[in-house]
Structures are given as C-alpha cells and as structure tokens.
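The next block holds one structure in the form of structure tokens; read it before the comments.
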Amino acid sequence: MKMKIYYVLGAGLVLGLMATTGRLAAQDGDNLFANPGFEDTKEVDLTSGYFNSAINQGVNLGDEMVVQIPVNFDQFSATKLFKVVSGKPGEDVHSGNNALLIDGGFYDRCTFPVQPGEIIEVHYFIKVPDSTGDSSVKVGVSFNLPGPDGVSLGMIEAKEPQVQVFPGSGWNEIIQEMVVPPLENINTAVFRFASTAPVLLDDVVVRLQH
Ligand SMILES: [Ca+2]
C-alpha cells in the first residue's frame, strides 16, 4: 500500500498537506505518544545493566556515570548517540525545557492496538544541530508490527529514514501519514524513530484515525 510523507519546511511551507488538513483536524484523536516533549526523565546508572551494555556496543550516552533518559524510552536500535538536552525554547529545544539529541534509532513505549486500513498520523519537530555539519540528514518514524509470538510481522513505513532535513533550517515540523497494511495477525504497532546523523527531536504526536 502506498505510503504518504508530508513535511513542512522551516520557512512554514506546507507540502502536500492542504488537501487533507480539514479531514485530519476533524478526526484527530488523543496523542498516543506519552511524554511528547521529553520533559519527564529518569536517572539511569550507566555502570551496569542494559545501559552499560549499550555503551559497550558503542552508544554514546554522555560522559557522566548517571544520566537522564526519557521515562518512555524502550530500547536502542542501531543508536550512536542518545542524550536528553536542555535549553531555550525555539533554539536548543522546540518547546519546554528538553529535547532529545539522537543519532540512529530508538524504540519508544508508544505501543497501541491497530487494525489493517487504519491511518497513523505522526507529527514531530526536528532540528539539525550546528555540530552535525553541512550535510542534510534523513529522519523517519516507522512502526514495528509484532505478531502474537513477539516476532515482527513487518514495519509500517521504511525502517530506513526517508525525510530530508537541512542544517540551518531551524526547527522543522515533519508530518507523516501512513496506512496499516493488510497483513494477517496484526494487532499492535510499536513506535520507532531513526536518523542518519545527529538531530534534535521534540514534541512528538502520534494519532490514530479510525
Ligand atoms: Ca520539549
């Protein structure tokens, strides 16, 4: 089934969204992504356990022995860098006090029931930090579809990031709309974000249109 990706440039241009704006507004459901602005964090000790093993596998979690991670974090997925950063709204963060600095992928505890044919609408804000350099970065949200035995039945949207974001463009609102494919035994979708280089992520919204 054909997937649609809409994204909004920093200048405020809306690409391809105009025809669907009214329908989206009329059917918006609750945000399924808890802690969308990464404001709620918890301390984790990096000297042992899952996070220590992640460091040993090359994930950069910072130089401290104890770091803050989002409370809704679930697991790393080919992640090179994962840090909660604090700063000024509109600059280092999109809103609130925190944003997530990430290079690679992670799964969030945003897991919800789905049925074939339903539409998942995702909004989020991305900024390419100056330290990333001059190259554009690709980002993308996808959803894993675990079967009854936990083995993945497939992904909604490509696992590799598809949406291009440019350095110097400030905070970009990305909108992805995707359709749950007609596979047997599908009942759950699990949120995954990925990028091809370091980006700042904030204000994630995931909605299901029935
Ligand atoms: Ca925030």
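Things to note:
- Each listed q (0.11, 0.15, 0.17 Å⁻¹) maps to a log10 I(q)/I(0) for the range 4-201, found by the Debye formula over equal Cα scatterers with no solvent: -0.52, -0.98, -1.25.
- Cross-link check: pairs LYS80/LYS138; LYS88/LYS159; LYS88/LYS138 evaluated at a Cα-Cα cut-off of 21 Å; pairs beyond the cut-off: LYS88/LYS159; LYS88/LYS138.
- Ranked list, fewest to most other Cβ atoms within 10 Å of each Cβ, for TYR124, TYR50, TYR107: TYR50, TYR107, TYR124
- The chain, relative contact order [Cα under 8 Å, separation at least 6], %: 30 percent
Every number here is computed from the coordinates shown, using simple stated rules; none is lab data. Everything numeric here is computed off the predicted structure, so don't read it as measured data. With ideal geometry, Cβ positions are generated from the backbone for all residues, glycine too; neighbour counts draw on all protein chains shown.
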